[in-house]
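The values are calculated or read from the model by the stated rules, or taken from the named source; none is laboratory data. Given the structure is predicted, the values throughout are model-derived calculations rather than measurements. Neighbour counts are summed over all protein chains in view; Cβ atoms, including those assigned to glycine, are modelled from backbone coordinates with ideal geometry. The accessibility values were calculated without ligands, DNA or RNA, using every heavy atom of the protein model including side chains. Shrake-Rupley method; radii C 1.70, N 1.55, O 1.52, S 1.80 Å.
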Amino acid sequence: MSEGGFYCFLNFKKEHFNYGSSDVLCQKLLEETGVALLPGTAFGLAPEVLSARLAFVDIDGAQLIKDLINTKSHQQNLYLNISRITKGISCINNW
């Protein structure tokens, strides 16, 4: 469980995924679900450790600045961003 911050480090069980490396796992996940994760190798872990980093952010910085002027618009876009993050997590879980 995430206890704050914008990132969560995921570990995938080898018996469920027949991929030789976290790089391949993340590439397959992207191809099959459209969800992008950074493989554990980007953080110094051995390739055979099937891990990845998930970011809990989906922000368009230019749009955010515009939205801050209009609070109602900001709240609507925040809801849309959370919906996309939730959908992405569901895609990973179902995959």
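Data for the structure
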| item | result |
| --- | --- |
| Considering residues of the range 67-95 that are surrounded by 13 or more Cβ atoms within 10 Å (Cβ to Cβ) and farther than 25 Å from Tyr19 by Cβ only, the residue modelled with the lowest pLDDT | His74 |
| Residue pairs meeting the criteria (Cβ under 9 Å; at least 6 apart or on separate chains; first β-branched (Val, Ile, Thr) and at pLDDT 75 or above, in the range 36-64; second open to solvent by less than 50 Å² (accessible area, probe 1.4 Å) and assigned to a loop (DSSP other than H, G, I, E, B)) | Thr41/Ser21; Val49/Ser21 |
| Qualifying positions in the range 41-53 - in contact with a Gly (Cβ under 6 Å, 6 or more places away or on another chain) and either surrounded by fewer than 15 Cβ atoms within 10 Å (Cβ to Cβ) or of a type in the set (Val, Ile, Thr) (or both) | Val49 |
| The range 21-40: number of residues that are surrounded by fewer than 15 Cβ atoms within 10 Å (Cβ to Cβ) and not in a helix (DSSP H, G or I) | 2 |
| Lys14, sole failed condition from (1) at pLDDT 90 or above; (2) open to solvent by 90 Å² or more (accessible area, probe 1.4 Å); (3) out of contact with any Phe, Trp or Tyr (no Cβ under 9 Å at 6 or more places or on another chain) | (1) |
